[in-house]
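Structure first, then comments.
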Amino acid sequence: MKLNRDSQYIRAVRLKREQISSFDTFPFHLPVIRNFKEIQFHPNITYIIGENGMGKSTLLEGIAIEFGFNPEGGTLNFNFATYDTHSNLDQYLRLVKGINRARDHFFFRAETFYNVATNIEEMDQVLSYGGKVIDSYGGKSLHEQSHGESFFATFTKRFQGNGLYILDEPEAALSPLRQLSMLSRINELIHQGSQFIISTHSPIIMAHPDANIIELTENGMQEVRLEDTHHYSIMKQFFEDKDRLLHHLFQ
Ligand SMILES: Nc1ncnc2c1ncn2[C@@H]1O[C@H](COP(=O)(O)OP(=O)(O)OP(=O)(O)O)[C@@H](O)[C@H]1O
Ligand SMILES: [Mg+2]
């Protein structure tokens, strides 16, 4: 069953603006934080999109940490730290949670997934009871699979439904065909009571209709339609008239 406004796990995120003393330094200087408006999450999927450096990862990380995730990702049970570079944005965010609790949780970050894979191997070396952690990821060491294979194994095997999934660039390393499979997996999971918050550059990943798209720009944030995103229109121009686009590009 799909989640709705009454059953979704996270409803909104607000900024504790009154507690921020200066908007001159990272992360508060980012346009998304300076011009922050409450984000009302879609019960199924909320996409956070925008150009490189607009603050998508910073925002997602703040939301995830405030929820209780490890800054580098994983389930709620991961608490390793390879680098301590996360911002303190989480302390200035207030999450409005729903009445229902998710049964599965995962914060996926393409950037630090390697560390999650390493941490799974370390946990499996010390824990002997209750089965191996890697078994819920399909059983095969994530380091012994290709980049894309290990991501995909996580989405297909580890994600179980009734979950809250925060994903930062899940398309990284996925071929276009796998991105379509990923979208299909997302569709299955929302029909099994899951809620997603996804940052992405992929017009395929952001194409699910049961969603809101929030674009971060130099002016702050705004809700957009898929067809009005740069991601979509640039790809469209490329496929409709590649030669013309290249001609302008190379001039
Ligand atoms: N720890 C940090 N200290 C200072 N500045 C940082 C730090 N982390 C990120 N930034 C800066 O904050 C801005 C936003 O970074 P962020 O990683 O959130 O962008 P993004 O929207 O996720 O970009 P991309 O699409 O490339 O992943 C960037 O300009 C980045 O250089
Ligand atoms: Mg990012």
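The values are calculated or read from the model by the stated rules, or taken from the named source; none is laboratory data. This one's a predicted model, so the numbers in the text were calculated from it and none came from an experiment. Neighbour counts are summed over all protein chains in view; Cβ atoms, including those assigned to glycine, are modelled from backbone coordinates with ideal geometry. Keep in mind that these areas ignore ligands, DNA and RNA; they rest on the heavy atoms of the full protein, side chains included. Shrake-Rupley method; radii C 1.70, N 1.55, O 1.52, S 1.80 Å.
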Under the Karplus curve 6.51 cos²θ - 1.76 cosθ + 1.60, θ = phi - 60°, whole-Hz ³J(HN,Hα) for the stretch 198-208, x wherever Gly or Pro sits: 10, 9, 7, 9, 8, x, 6, 4, 8, 8, 5
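With a ≥ b ≥ c the root eigenvalues of the C-alpha gyration tensor of the stretch 182-251, is it rounded (a/c under 1.5), prolate (a/b larger than b/c) or oblate? Spell out each step's value before the answer.
Numbers: a/c = 3.38, a/b = 1.76, b/c = 1.93.
Oblate.
How large is the helix-only mean residue ellipticity at 222 nm for the chain, computed as the sum of -39500 (n - 2.57) over DSSP H runs with n ≥ 4, divided by its residue count, in deg cm²/dmol to the nearest 500? Mind showing how you got there, number by number?
Details: 7 runs with 73 residues, N = 251.
Result for the chain: -8500 deg cm²/dmol, rounded to the nearest 500.
Looking only at Cα atoms, what is the convex hull volume of the chain per residue, in Å³?
Normalising the Cα hull of the chain by residue number yields 148 Å³.
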Could you work out what % of the accessible surface of the stretch 42-91 is carbon and sulfur, using a 1.4 angstrom probe and leaving DNA, RNA and ligands out of the count? 41 percent
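Just to be sure I understand: if I project the alpha-carbon convex hull of the stretch 127-242 onto a plane and average over all orientations, what area do I get in nm²?
On the way: hull surface 38.0 nm².
Computing the convex hull of the Cα atoms and averaging its projections yields 9.5 nm².
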Label points 7 Å out from Cα along the Cβ direction at residue 228 and residue 16: separation in nm? 3.4 nm
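Enter the accessible area per residue of the chain (Å², integer; probe 1.4 Å; all protein chains in place). Mind dumping the intermediate values first?
Numbers: 12780 Å² over 251 residues.
About 51 Å² of surface per residue is accessible.
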List the trypsin sites (Lys or Arg not before Pro) within the stretch 1-105 that fall in a DSSP loop (any state other than H, G, I, E or B) and whose Cβ has at most 11 other Cβ atoms within 10 Å. 5, 16, 101
With 28 Å as the limit, write out which pairs from 97/132; 2/37; 56/157; 37/97; 37/236; 16/56 have Cα-Cα distances beyond it, or answer none. 97/132; 37/236
Given springs between every Cα pair under 10 Å in a Gaussian network model of the chain, which of 54, 235, 206 has the largest fluctuation? 235
Residues with amide H under 5 Å from that of residue 12, placed H, sequence gap 5 or more: 41, 96
Which shape class, rounded, prolate or oblate, goes with the stretch 74-166 when its Cα gyration tensor gives a ≥ b ≥ c as root eigenvalues, a/c under 1.5 marks rounded, and past that a/b bigger than b/c marks prolate? prolate
Quick one: how many Å² of residue 18 are accessible to a 1.4 Å probe, rounded to 10? 140 Å²
Which percent of the accessible area of the stretch 178-251 is formed by carbon and sulfur heavy atoms (probe 1.4 angstrom)? 53 percent
From largest accessible area down, sort 76, 226; use a 1.4 Å probe on the protein chains. 76, 226
Over all pairs of distinct alpha carbons, what does the Kirkwood formula give as the hydrodynamic radius of the stretch 1-137, in Å? 16.7 Å
Under a plain spin-label model, where a point goes 7 Å from the Cα along Cα-to-Cβ, how far apart in nm are residue 251 and residue 149? 4.6 nm
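Can you tell me, using C-alpha contacts under 8 Å and at least 6 residues apart, the relative contact order of the stretch 96-202 as a whole percent? Present the calculation step by step, with values, prior to reporting the outcome.
Values: 124 pairs, mean separation 36.0, N = 107.
Relative contact order of the stretch 96-202: 34 percent.
Let me know the shape class of the stretch 85-138, please: from the alpha-carbon gyration tensor, a ≥ b ≥ c as square roots of the eigenvalues, rounded when a/c is under 1.5, otherwise prolate if a/b is greater than b/c, or oblate.
Working: a/c = 2.63, a/b = 1.53, b/c = 1.72.
Cα axes put the stretch 85-138 in the oblate bin.
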Express in Å², to the nearest 10, the accessible area of residue 25 obtained by rolling a 1.4 Å probe over the protein heavy atoms while all chains stay in place. 80 Å²
Can you tell me how much longer the chain between residue 156 and residue 126 gets when fully stretched, taken as 0.36 nm per residue apart minus their C-alpha distance, in nm with one decimal? 8.2 nm
